[in-house]
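**Q** Take this structure, written in structure tokens, and hold onto it; I'll ask about it next.
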Amino acid sequence: MNVVRITLFVYCLLAIPAFAQIPRVEKIEPPNWWMNHTVNPVRVMVRGANLRNARVTSESRDFKFSNLRVNTRGDYLFFDVSISKSTKPGRYLFDLKTPAGSTSIPFEVSAPLDPKTKTQGITNDDVIYLIMTDRFADGDRSNNKDVDRKNPRAWHGGDFRGIINKLDYLNELGITAIWLTPWYDNPDEPNRCDQPWCPYTNYHGYHPIDYYAVENHFGTMADLRELIQKAHAKGIKVIQDQVANHVGIQHAWVKNPPLDNWFSPFKQNSFNNSVLLSPNSSQAERDNLLKGWFNEFLPDNNHYEPEVARYQIQNALWWIGMTGIDGIRQDTIQYMPREFIRDWSAAILKQYPKFYMVGEVFERDSAQTAFFQGGKTGWDGIDTKLPSVFDFKLWETSQEVFTGKKPARALRDVLKYDGLYPNAGNVTVLQNNHDTDRFMSLPGSTLEGAMLHTAFILSTRGIPQLYYGEELAMPGGHDPDNRHDFPGGFPGDKRNAFLPRSRTVDEQQMFEWTKKWIGIRRNESAVRNGKTIDLYYDENSYIFARLGDTRDGVLYLFTTSETPKTVRLDLNNLIKGNEYQFETLNAPLTIEQRLSSAGLKVIDFVLTRESPSAYKFRSN
């Protein structure tokens, strides 16, 4: 008996090393793809163990495999899989074999979503509304783990269900598109450091730990798809915030990167961003911008490595195909190589020609911003193909004008650089966002100034983007003070500002004002798609027109003057015609009785700060 036991024990010991070498599959990225896609073959990355000398095959003739690559540790496998046009949607198993054994790789071929109701793109006809999901509305308390609403850097409980419940509110305001901050899965545990703002959670979504998973605090993939479906049913498009530049320090890649050069080596980014625009900059300075980390918590993805670039391009396409989103806002886009921006944009537009992509080039410099919009080759020989960028310079100047820091003519002085943009009409013009102080917390701010700022953003060229709560003149200084919960969106709130009866007088006035100016934009094609004509500008006034193609347009008169002032305009400078017919688009107006007269060539307009004037005009 002892001999048998000893023999069995020795046999088990001898068997353990062989068993330990059997390949193991832990994660497949992407887990599925689509037949007849412009990306074919698709590059699959498998995380696991014991993957050296692997071969991948399939019993189905619909798949062909090539370009296998295993990293030095043997825990990541890359391969191309070509999907036949005749492949039927369904779940498949690929066979993974090594000399030590075999296992399976599950993979799904998905049916495409209906293009008639999905991936519609964003145009000048839209008004975008930025929502921080965690701060907007809590519709599902079952996902409220670790919630502490008293802590401004903790999770507060907002989720997809909360946004679904407030779609009617967005409809009432006139919103046609919502941009949601990143919904990738982020760490549950807070980051800790020696800074005064530590510890902090990643409620904002910018520290992804899984590019193919939904943040559990927000809901599930099914919840997300339901949100997009119901938003589309109400005429509201959806924009995903993507973060290809970096991951969170807790990502599994950080301890075991798929390739040795998957991340750039740690070096603090100097944020001397102008070196990207200048052809005279040294390569060392550019490398710092494109390879430097934002901080020690945000490892920088190395997009010079083709595997990294291909991974991120496919990931963007995967989210579009899975959810039917209409646009992508790409975070910190200028910190990635322009070659990657070009390839990323081109791949998306090849599959979805109408798709909207806007890049965050957070610069108060029109030349720097314009350098990243697609449609023109830069000094480096690269056209980024990127449809849109944010106009941070015009945003900042509008705030400065309507808080009394700059003269009104400064608005025109920014717009005079529109010729730098390959397509100024496609620039996204922000009212505010989650990284900026809210208007009502700026020095010199007034409710009147907030109203003027909002009216201007909704009147100028480009695609307007509002920020949740600004329609109520919500205050908020530096982060995280600018990210307060929407009052009424959470259980236990003392009042519900989603409803008129619970708003203060100022909140209701701002809401109605915003709604009115969205309506003017919605109803007038010249505002959305016309040409800007500067008519008058001085220290406290800016008058311009948005001129359509059919001899019609909208005339805007903005002033910061504390007393009424009269400005005489020669309408021959506007459009040619014998008769001009005007109608008021907002009230009160001071010369309404004169505007109905025909044949007027010169009109004296009385400007008052209390109400910027908007007139619709036609020339016969």
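The values are calculated or read from the model by the stated rules, or taken from the named source; none is laboratory data. Just so it is clear, the structure is predicted and the values come from calculations on it, not from any experiment. Cβ placement follows ideal geometry from the backbone for every residue including glycine, while neighbour counts extend to all protein chains displayed. Accessible surface areas use protein heavy atoms only, side chains included; no ligands, DNA or RNA. Shrake-Rupley method; radii C 1.70, N 1.55, O 1.52, S 1.80 Å.
**Q** Could you provide, to the nearest whole Å², the per residue accessible area of the chain with probe 1.4 Å?
**A** So the chain comes to 41 Å² accessible per residue, rounded to a whole number.
**Q** So what are the range 203-264's ellipsoid semi-axes, whole angstrom, largest first, if each one is the square root of 5 times an eigenvalue of the alpha-carbon gyration tensor?
**A** Each semi-axis is √(5λ); the values are 30, 12, 9 Å.
**Q** Still on this structure, please answer the following. For helix 2-20, report the angle its Cα long axis makes with the longest principal axis of the Cα atoms of the chain; keep it between 0 and 90° and round to the nearest 10°.
**A** 30
**Q** Per the Debye formula with a single identical scatterer at each Cα and no solvent contribution, what log10 I(q)/I(0) holds for the range 128-224 at q = 0.21 Å⁻¹?
**A** Once normalised to I(0) and log-transformed, intensities are -1.06.
**Q** Can you give the local net charge around Gln250? Use residues other than it whose beta-carbon is closer than 13 angstrom to its beta-carbon, Lys and Arg +1, Asp and Glu -1.
**A** After counting each charged neighbour, the total is -3.
**Q** Something else about it: Considering the Cα trace of the range 51-120, what is its radius of gyration and what is Dmax, both in angstroms?
**A** Here Rg and the maximum Cα pair distance are 15.0, 49 Å.
**Q** What is the percent carbon and sulfur in the accessible area of the chain, measuring with a 1.4 Å probe over the protein chains and ignoring ligands?
**A** Carbon and sulfur atoms account for 51 percent of the accessible area of the chain.
**Q** Find which of Pro475, Val25, Ser502 sits farthest along the positive direction of the dipole of the chain, computed with +1 on the beta-carbon of Lys and Arg, -1 on that of Asp and Glu, about the Cα centre.
**A** Going by the charge dipole, the pick is Val25.
**Q** If you don't mind, another one. So, with +1 on the Cβ of K and R and -1 on the Cβ of D and E, and no other charges, what is the size of the charge dipole of the chain about its Cα centre, to the nearest 20 debye?
**A** Roughly 1400 debye for the chain.
**Q** Then there is this: With all distinct Cα pairs included, what does the Kirkwood hydrodynamic radius of the range 335-400 come out to in Å, to one decimal, could you say?
**A** Over the range 335-400, the inverse of the mean reciprocal pair distance is 12.4 Å.
**Q** Lys166: which aspartates and glutamates have alpha carbons under 18 Å from its alpha carbon, excluding same-chain residues fewer than 8 sequence positions away?
**A** Asp134, Asp138, Asp140, Asp223, Glu226, Glu470, Glu471, Asp485, Asp493, Glu507, Glu512
**Q** In deg cm²/dmol and to the nearest 500, what is the mean residue ellipticity at 222 nm of the chain if only DSSP H runs of at least 4 residues count, each as -39500 (n - 2.57), divided by the residue total?
**A** After summing the helix terms and dividing by the residues of the chain, the value is -7500 deg cm²/dmol.
**Q** Once the Cα gyration tensor of the range 36-155 is diagonalised, what are the square roots of 5 times its eigenvalues, in whole Å and ordered largest first, as equivalent ellipsoid semi-axes?
**A** 39, 25, 14
**Q** Seen from all sides and averaged, what is the projected area of the convex hull of the Cα atoms in the chain, in nm²?
**A** Seen from a random direction, the Cα hull of the chain projects 34.2 nm² on average.
**Q** Still on this structure, please answer the following. Could you work out how far the C-alpha centroid of the range 154-172 sits from that of the range 439-474, in angstrom?
**A** First find each Cα centre; the distance between them is then 21 Å.
**Q** Provide the packing ranking of 486-494, 421-429, i.e. peptides ordered by the mean count of other C-beta atoms within 10 Å per residue, highest first.
**A** Top to bottom by mean Cβ count within 10 Å: 421-429, 486-494.
**Q** Can you give me the P(r) profile for the range 279-397? Cα pairs, bins 10 angstrom wide beginning at 0, each as a whole percent.
**A** 12, 43, 36, 9, 0
**Q** Enter the angle in degrees (range 0 to 90, nearest 10) between the Cα long axis of helix 338-351 and the first principal axis of the Cα atoms of the chain, meaning the one along which they spread out most.
**A** Roughly 90 degrees, rounded to the nearest 10.
**Q** From Cα coordinates alone, what are the radius of gyration and Dmax values for the range 15-76 in angstrom?
**A** Expressed in Å, the Cα Rg and Dmax of the range 15-76 come to 13.7, 47.
**Q** Alpha carbon centre of the range 513-533 versus the range 20-59: separation in Å?
**A** Cα centres, the range 513-533 to the range 20-59: 50 Å.
**Q** Just the Kirkwood number for the range 417-576, please: inverse of mean 1/r across all distinct Cα pairs, in Å, one decimal.
**A** After inverting the mean inverse Cα-Cα distance, the result is 17.5 Å.
**Q** Please state, as a whole number in µm²/s, the translational diffusion coefficient that the Stokes-Einstein equation yields for the range 388-434 at 37 °C and 0.692 mPa s, with Rh defined as the Kirkwood radius across alpha carbon pairs.
**A** Here the translational diffusion coefficient equals 294 µm²/s.
**Q** Between the helical axis of 306-323 and the dominant principal axis of the chain, each derived from Cα atoms, what acute angle in degrees is found, rounded to the nearest 10?
**A** Tilt of helix 306-323: around 70 degrees.
**Q** A further question on this structure: Just tell me which lysines come within less than 25 Å, Cα to Cα, of Lys64; anything on the same chain fewer than 8 places away is out.
**A** Lys27, Lys85, Lys88, Lys97, Lys350
**Q** Can I ask one more? Stick to Cα atoms and the Kirkwood definition of Rh, then tell me Rg/Rh for the range 220-339.
**A** Radius of gyration relative to Kirkwood radius: 1.05.
**Q** Let me check I've understood the local charge: for Phe402, count other residues with C-beta under 12 angstrom from its C-beta, Lys and Arg +1, Asp and Glu -1. What total comes out?
**A** 0
**Q** Within the set of other residues whose C-beta is less than 13 Å from the C-beta of Asp534, count the net charge using Lys and Arg as +1 and Asp and Glu as -1.
**A** +3
**Q** Under a 1.4 angstrom probe, counting protein chains only, how are Tyr468, Tyr536 ranked by accessible area, largest first?
**A** Tyr536, Tyr468
**Q** Ok, one more. What dipole magnitude, in Debye to the nearest 20, does the range 273-410 give about its Cα centre under +1 on Lys/Arg Cβ and -1 on Asp/Glu Cβ?
**A** Roughly 540 debye, rounded to the nearest 20.
**Q** Have a look at the range 450-537 and give its Rg and Dmax from the Cα atoms, expressed in angstrom.
**A** Gyration radius and largest Cα-Cα distance of the range 450-537: 15.5, 51 Å.
**Q** Moving to a separate point now. Would you kindly state how much longer the chain becomes between Ala233 and Phe271 on full extension, computed as 0.36 nm times their sequence separation minus their alpha carbon distance, in nm to one decimal?
**A** 9.5 nm
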